[in-house]
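Data first, discussion second: the structure below is written as structure tokens.
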Amino acid sequence: MSFFMLVKINNFIISCIVVFIPFFPITIHASPDINYIIKDDSILNSRNDLTGDPYKGRELVRDRNKGNCLACHQLPIPEDAFHGTIGPSLHKISLRLTEAQIRLRVTDMKQINPISIMPGYFRSPEKITRISPLYENCTILSAQEVEDIVSYLVTLKSDPFESPL
Amino acid sequence: MSIFNQLLSAFFSRLFFLYILSVTASQAELVSGYEFSSEQAKEFQDDDFQNPGFLLIEQGLNVYNKIGDNDQLCSNCHGLNGDQFIPKSIAQFPKYHDILQKPVTLRDQIQHCWVSRLDNFSLEYDDPELLALETLVRNKAYGEKVNVNISGKIKPYYEAGKAFYFTRFGQMDMNCAQCHDIYTGKMLRGQKLSQGHTNGFPLYRLESQKMINLPQRLRECFRSLRAETFEQDSKEFRDLEIYLNARGNGLKIETPAVRY
């Protein structure tokens with residue numbers, strides 16, 4: 001009997017874990033400190049304490065719960081089979097835009113084009129209607145993750161599939 | 001002089017842009033979501049033995065033949081196995097109900113009959129029996145063109161739904177029109193964006209591997225936008241359902257469809 005009780009308790013614990021884990025948000029960047037200065041169409045790096053890691057940026061670009069850039073853009077990442085075609089291709093993006101210009105486009109594209117479909121990855125949550133309670137006061141990416149992605153995109157200078165990463 | 005020329009060219013380029021916008025908005029051809037599906041999904045939908053929707057229709061028939069609390073049956077009015085259903089009438093939903101004094105979807109109408117004619121307790125809004133009945137009834141109008149009337153008393157509800165369609169929601173900060181009007185046909189990773197018509201609902205969704213109706217699909221949309229969802233029987237979703245159905249006026253009903 002005790003054995004069955006144990007099994008029951010075990011089942012209960014497992015079901016608790018299974019049921020409740022998906023409800024926890026994967027990203028929490030509560031009350032982000034959003035203070036950046038936009039000059040023309042770019043953000044100069046005001047956060048000098050943060051330096052981006054291009055290798056982390058490359059993973060964030062692929063991650064469906066983080067950047068998920070591949071949903072809309074094409075990038076020199078051959079291991080993902082499907083790349084979206086909604087946005088422009090980001091091959092050789094660094095030849096077209098400077099680092100500061102890329103930073104504004106990742107941070108909040110709607111500052112440049114108010115009807116853009118691109119989500120603002122570091123857009124102030126106050127500007128958003130009906131954000132889910134799971135993501136209340138959260139931005140999609142943290143300031144560090146934005147820097148990581150920017151530092152990855154800056155490396156895209158040469159032909160596709162010849163990216164140094 | 002050069003400034004004048006620049007102003008003139010800027011003015012005309014803007015005019016041309018507006019013209020293009022108006023043309024694309026007015027002449028957008030209605031295409032069913034079937035055309036945007038993969039070949040496998042199309043085969044899956046066309047084969048009545050594979051299509052899981054027909055399983056639900058069988059279940060719907062069981063509910064249909066259930067005796068109500070006042071010993072009445074659905075078939076007393078609608079004939080054996082629903083032969084007396086009028087496809088033209090089914091294709092007109094959602095429509096304004098004069099007795100209830102509000103617009104009703106097909107789901108609401110079934111619920112109304114279920115309570116008032118059969119004297120049963122009302123079904124929960126996401127009850128599988130209600131979904132099965134809706135699939136059965138909507139399938140009776142297979143091939144009929146959607147024909148929602150948007151004049152008269154339903155007009156304010158339609159306008160509210162239209163405003164909802166163009167409102168941005170959630171952390172992703174997108175509205176329905178961006179995906180389903182502007183970027184139709186483009187790829188979202190491996191998935192082609194459709195025009196977002198409702199002629200296939202209730203449908204079998206390959207991603208969640210179950211039959212869903214329109215409000216359930218809208219809730220999944222809201223979840224992927226990271227927005228706070230509305231209830232399935234909320235006024236907002238009902239308004240949106242009116243707008244979405246009217247937007248697809250002229251498309252043939254494909255229930256039960258198979259979509260991603």
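The values are calculated or read from the model by the stated rules, or taken from the named source; none is laboratory data. It should be emphasised that the depicted structure is a prediction, and the values quoted were computed from it without experimental measurement. Cβ: placed from backbone, ideal geometry, glycine included. Neighbour counts: every protein chain shown.
Annotations
- Within region B:86-113, no residue satisfies the criterion of being touching a Gly at 6+ places or on another chain (Cβ under 8 Å) and within 16 Å of B:Val63 (Cα to Cα).
- Failed criterion for A:Arg123 (all others in (1) within 11 Å of another protein chain (Cβ to nearest Cβ); (2) more than 22 Å from A:Leu50 (Cα to Cα) hold): (2)
- Any hit, region B:32-42, residues being more than 30 Å from B:Arg189 (Cβ to Cβ), touching a residue at least 12 places away in the same chain (Cβ under 8 Å), assigned to a helix (DSSP H, G or I) and out of contact with any Ser or Thr (no Cβ under 9 Å at 6 or more places or on another chain): no
- A:Cys138 of a type outside the set (A, V, I, L, M) and more than 9 Å from every other protein chain (Cβ to nearest Cβ): no
- Within the option set A:Leu95, A:Leu90, being out of contact with any helix residue (DSSP H, G or I) (no Cβ under 7 Å at 6 or more places or on another chain), modelled with pLDDT of 90 or more and away from chain B (no Cβ under 14 Å) holds for one residue only, A:Leu95.
- Residue within region A:106-114 that is part of a loop (DSSP other than H, G, I, E, B) and within 10 Å of chain B (Cβ to nearest Cβ) present: yes
- Selection within region A:67-91 - touching a residue at least 24 places away in the same chain (Cβ under 8 Å) and in contact with a Ser or Thr (Cβ under 7 Å, 6 or more places away or on another chain): A:Pro76
- Single condition B:Leu240 does not satisfy, out of (1) surrounded by fewer than 23 Cβ atoms within 10 Å (Cβ to Cβ); (2) assigned to a helix (DSSP H, G or I): (1)
- Among the residues listed as B:Asn245, B:Asn199, B:Asn249, the single one being in a helix (DSSP H, G or I), more than 30 Å from A:Gln74 (Cα to Cα) and either touching a residue at least 12 places away in the same chain (Cβ under 8 Å) or in contact with a helix residue (DSSP H, G or I) (Cβ under 7 Å, 6 or more places away or on another chain) (or both): B:Asn245
- When residues of region B:117-150 are limited to those that are free of Cβ contacts under 8 Å to residues at least 60 places away in the same chain and among the basic types (Lys, Arg), the one surrounded by the most Cβ atoms within 10 Å (Cβ to Cβ): B:Lys140
- Some residue of region A:105-115 being touching a residue at least 60 places away in the same chain (Cβ under 8 Å) and more than 14 Å from the chain's Cα centre (by Cα): yes
Results for (1) modelled with pLDDT of 95 or more; (2) touching a helix residue (DSSP H, G or I) at 6+ places or on another chain (Cβ under 7 Å); (3) among the charged types (D, E, K, R), shown as yes or no for each residue.
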site	(1), (2), (3)
B:Gln84	no, yes, no
B:Phe93	no, yes, no
B:Asp108	no, no, yes
B:Asn120	no, yes, no
B:Glu124	no, no, yes
B:Glu129	no, yes, yes
B:Tyr158	yes, yes, no
B:Met172	no, no, no
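- Number of the exception - B:Glu58 against (1) touching a residue at least 12 places away in the same chain (Cβ under 8 Å); (2) part of a helix (DSSP H, G or I): (1)
- Verdict on A:Ser158 being under 22 Å from B:Tyr183 (Cβ atoms) and assigned to a loop (DSSP other than H, G, I, E, B): no
- Residue within region B:159-182 that is more than 11 Å from every other protein chain (Cβ to nearest Cβ), in a loop (DSSP other than H, G, I, E, B), surrounded by fewer than 18 Cβ atoms within 10 Å (Cβ to Cβ) and touching a residue at least 40 places away in the same chain (Cβ under 8 Å) present: no
- For B:Gln209: the one exception among (1) of a type in the set (S, T, N, Q); (2) away from chain A (no Cβ under 13 Å); (3) crowded, with 18+ Cβ neighbours inside 10 Å: (3)
- The one condition from (1) farther than 22 Å from B:Pro156 by Cα; (2) surrounded by fewer than 20 Cβ atoms within 10 Å (Cβ to Cβ) that B:Trp114 does not meet is (2).
- Scope region A:47-73; condition crowded, with 18+ Cβ neighbours inside 10 Å and assigned to a loop (DSSP other than H, G, I, E, B); matching residues: A:Gly52, A:Lys66, A:Gly67, A:Asn68, A:Cys72, A:His73
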